[in-house]
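Chemist: So that we are looking at the same thing, I have put the structure below in structure tokens.
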Amino acid sequence: MRINITGKNIEVSDYLYSAVEKQVKKLEKYFDNEAVANIVLSIQRSRHTVEVSIASGSEVIRATDVSGDMYASVNNALKKIERRIIKHRTRIAHSLRNDAFQDNAPIFSDEIEPDDLKERKVVKVKHFDLKPMTVDEAILQLELLGHSFYVFTNGETGDVNVLYLRNDGDYGLIVPET
């Protein structure tokens, strides 16, 4: 597994780099050598944020954690990643190593909660008209509805776009590539 650790608003010391790398290497048992782990460490005020994304084949597993301590944030983000791997192991088994689940004992958690393993299903289907609008109009609609995302047809491109509210309070726009 290739590991990339970067800092945002933080100088990543050698000690922090090696500590994070050591923790992330524990996940190598789940992935093949082609996997790439990207870890972004950032600090805003007293909020220590860790974003971990691991790409293996066509699968991407991502987790984020925010706390008052960088090391706690790293541990919590890696626990989330491991829970997602174990929960979805049958779905993502083709991109994991063949012997990844010989030992079912979690690395970072004492045990996996039953709610984490509960199969989720679609309980509601909603139909709506996609009206062409600008991104600014979509932002206004998102704010008026009070939702965390909004699906619309971009009037400039004609594509279906998704506007979403990011954790930092800004907006993100998902645009499909054709």
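Chemist: In which sequence would His127, His48, His147 go, from the one with the fewest C-beta neighbours within 10 Å to the one with the most? Please report the intermediate quantities before stating the final value.
Modeler: Values: His127 4, His48 20, His147 13.
Taking fewest neighbouring Cβ atoms as first place, the list is His127, His147, His48.
Chemist: Apply 1/(1 + (r/R0)^6) to the Cβ-Cβ distance of Phe128 and Glu34, taking R0 = 41 Å, and write down the FRET efficiency to the nearest 0.05. Could you put the intermediate results ahead of the total?
Modeler: Numbers: r = 40 Å, r/R0 = 0.98.
With R0 = 41 Å, the Cβ-Cβ based efficiency is 0.55.
Chemist: So which GluC sites (Glu not before Pro) in the stretch 1-80 end up in coil per DSSP with only 11 or fewer other C-beta atoms within 10 Å?
Modeler: Glu11, Glu34
Chemist: So, one more: Rounded, prolate or oblate, given the Cα gyration tensor of the stretch 130-178, with a/c below 1.5 counting as rounded?
Modeler: Numbers: a/c = 2.27, a/b = 1.41, b/c = 1.60.
Taking the square roots of the gyration eigenvalues as a ≥ b ≥ c, the stretch 130-178 is oblate.
Read-outs throughout are calculated quantities, based only on the coordinates presented, and are distinct from any laboratory measurement. Source: prediction; values computed, not measured. Quick reminder, even Gly has a Cβ in these numbers, built from the backbone with ideal geometry, and neighbours come from all protein chains shown.
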